[in-house]
Every structure is written in structure tokens, then in C-alpha cells.
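Report on the structure given below.
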Amino acid sequence: MMEQTLVLDGNGDRKILLPTGNLISVPQLIINDAEVTEFDFSASGWIELRSGAFPHRASCVEVTITHGFASAPVVEHLIQSMATRARMSPAGNIINQRAGSQSVTFASNGGEVASLPLLASEKELLAPYKLNWGPAI
């Protein structure tokens, strides 16, 4: 969990979406250098003005927010799991190789190659922490 001040572009709408998946509080909202107190927000990251709209202008919204998670045991467990996989295979994910006829066997977990990339099951566990909008990275 952290407090952070963001400068955002206005969108011309009554609502603006913040880059967070767990919005806890909004201590300050400034639009065009004027503090605004008449707004509502949701834990999913939306701020909605009770009247008017955000200007359709670049960098006209400054918002201070508290967001994030106090703890993330799922993330902690996945980090430990990845560290265990890395220790199990110091030579990478190759568990068997043969020179004659060139054969290589990779370590697997449930049919997936077991290396440091996240397994599909781990990605599912992390879904609640992932932002599902904006540019894909």
C-alpha cells in the first residue's frame, strides 16, 4: 500500500479511471489548479465528479491517492515457488540431453515447461493484482 500523486490527462467525462486495482482513499483532487471536494471514488479505481466534467486537456488533473494492498500472500507464495524452481535446476530447465540423435528433455510441471517464466496456473492466481486496461506491456 502506498500514497502517490499522479498527474493525468482529462477525458471530458464525469469519470476518470486511475491506474490502480485497489483504491483506498483520495485525500486530494485538483483540476486546473483548483481543489475539488465534490467527488466519489470506487475501490476499482474510478473517480466520479458529482457535478461537471473533467476538462479534455493534457495534464490538467492532479490526484493524490492511497492504493495497493497491505499484504499480498499469493504474490509472496509465487515468489517462493519461482525461487524453488530456480534452485531445483541450476543448469536451466534441461533435465536430460543426449548427443547421439540430438535429444533434449525439459523439466515440466503439469505438461508445462518448468522454468522461471510464470506458469498458467500462477498467472491465474495473480489476476486480481493485474490492471486490465491501458497499453499492453
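The values are calculated or read from the model by the stated rules, or taken from the named source; none is laboratory data. Every value quoted in this text rests on a predicted model; they were computed, and no experiment measured them. Neighbour counts are summed over all protein chains in view; Cβ atoms, including those assigned to glycine, are modelled from backbone coordinates with ideal geometry. Surface areas here come from the heavy atoms of the whole protein model, side chains and all, with no ligands, DNA or RNA. Shrake-Rupley method; radii C 1.70, N 1.55, O 1.52, S 1.80 Å.
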Item checked: Odd one out for residue 62, checked against (1) open to solvent by 90 Å² or more (accessible area, probe 1.4 Å); (2) modelled with pLDDT of 85 or more; (3) under 17 Å from residue 18 (Cβ atoms) -> (1)
Item checked: Selection count, segment 74-109, where residues are on the phi > 0 side of the Ramachandran plot and modelled with pLDDT of 75 or more -> 2
Checklist line | Failed item in (1) open to solvent by 30 Å² or more (accessible area, probe 1.4 Å); (2) under 21 Å from residue 131 (Cα atoms), with residue 6 passing the rest | finding: (1)
Checklist line | Extreme residue, nearest to the chain's Cα centre (by Cα), among residues of segment 18-33 that are open to solvent by 50 Å² or more (accessible area, probe 1.4 Å) and under 12 Å from residue 61 (Cα atoms) | finding: 28
Notebook entry, point to check: Can you name the condition, by its number, that residue 71 falls short on among (1) among the small types (Gly, Ala, Ser); (2) buried (at least 16 other Cβ atoms within 10 Å of the Cβ); (3) out of contact with any helix residue (DSSP H, G or I) (no Cβ under 9 Å at 6 or more places or on another chain); (4) modelled with pLDDT under 95?
Noted result: (2)
Notebook entry, point to check: List, please: which pairs have Cβ atoms under 6 Å, are six or more places apart or on different chains, and start with a residue in segment 116-137 that is modelled with pLDDT of 85 or more and end with one that is open to solvent by less than 70 Å² (accessible area, probe 1.4 Å) and outside any loop (DSSP other than H, G, I, E, B)?
Noted result: 122/78; 125/74
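Yes/no per residue for (1) without any contact (Cβ under 8 Å) to a residue 12 or more places away in the chain; (2) closer than 30 Å to residue 123 by Cβ; (3) among the hydrophobic types (A, V, I, L, M, F, W, C); (4) not in a helix (DSSP H, G or I):
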| residue | (1), (2), (3), (4) |
| --- | --- |
| 12 | no, no, no, yes |
| 20 | no, yes, no, yes |
| 27 | no, no, no, yes |
| 44 | no, yes, no, yes |
| 47 | no, yes, yes, yes |
| 55 | no, no, no, yes |
| 66 | no, yes, no, yes |
| 82 | no, yes, yes, no |
Check: Restricting the search to segment 62-91, which residues are of a type in the set (A, V, I, L, M, F, W, C) and over 24 Å from residue 130 (Cβ atoms)?
Finding: 88, 91
